[in-house]
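FYI, it's all coordinate maths here, none of it is from the lab. Computed from a predicted model, the values in this text were never measured in an experiment. Cβ coordinates were reconstructed from backbone atoms using ideal geometry, including for glycine residues, and neighbour counts include every protein chain displayed.
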Amino acid sequence: MKLVYAIVNNDDTYAVSKGLQAAGIRATKLATTGGFLLKGNTTYMICCQDEQVDNVIGICKEYSKKRKQTVSMSSVMGREIGDTNTVEVTIGGATIFVTDIERFEQV
């Protein structure tokens with residue numbers, strides 16, 4: 001068995017959840033915050049059979065779209081400097097980790 005952690009932008013949470021549900025894949029959702037832009041994410045924890053991992057990753061890729069967003073330099077630099085300059089960054093997509101599971105129980 002594997003545990004898949006999929007971190008997606010909050011804007012994609014509904015679509016990813018619906019995609020997983022349609023495929024019959026159960027997931028636990030956690031509200032998380034990204035460390036770079038300090039924006040909201042959703043982290044899915046999905047325990048599945050080894051042969052389901054590619055399907056889970058495919059669903060996350062399909063429903064987690066990358067996009068451009070303009071943010072202030074102070075947001076990117078992590079300080080309040082009153083700088084009004086902006087920079088375009090890529091957000092969205094999914095960050096996915098897959099780990100082995102030694103034991104799984106539902107009680």
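Please give the net charge around residue 23, taking every other residue with its beta carbon less than 14 angstrom from that of residue 23, where Lys and Arg add +1 and Asp and Glu add -1. Neighbour charge sum, excluding residue 23 itself: 0. Subtracting the Cα-Cα distance of residue 67 and residue 85 from 0.36 nm times their residue separation leaves 4.5 nm of extension gain. Counting only GluC sites (Glu not before Pro) that sit in a DSSP loop (anything but H, G, I, E, B) with at most 16 other Cβ atoms within 10 Å, what is the longest stretch of the chain containing none of them? For GluC sites (Glu not before Pro) (loop position, at most 16 other Cβ atoms within 10 Å), the longest site-free span of the chain is 1-79.
Simple rule: put +1 on each Lys or Arg Cβ and -1 on each Asp or Glu Cβ in the chain, find the dipole, and look at 20, 85, 56; the Cα lying farthest toward the positive end is 85.
Only four residue types carry charge here, +1 at the Cβ of Lys and Arg and -1 at the Cβ of Asp and Glu. Report the dipole size of the chain about the Cα centre in Debye, rounded to the nearest 20. Mind showing how you got there, number by number?
Numbers: 12 positive and 12 negative charges, 60 e Å.
With only Lys, Arg, Asp and Glu charged at Cβ, the dipole is about 280 debye.
May I ask you to derive the FRET efficiency for residue 54 and residue 10 from their Cβ-Cβ distance with R0 = 30 Å, giving the value to the nearest 0.05? Walk me through the numbers before you get to the answer.
Numbers: r = 25 Å, r/R0 = 0.84.
My answer for the efficiency is 0.75.
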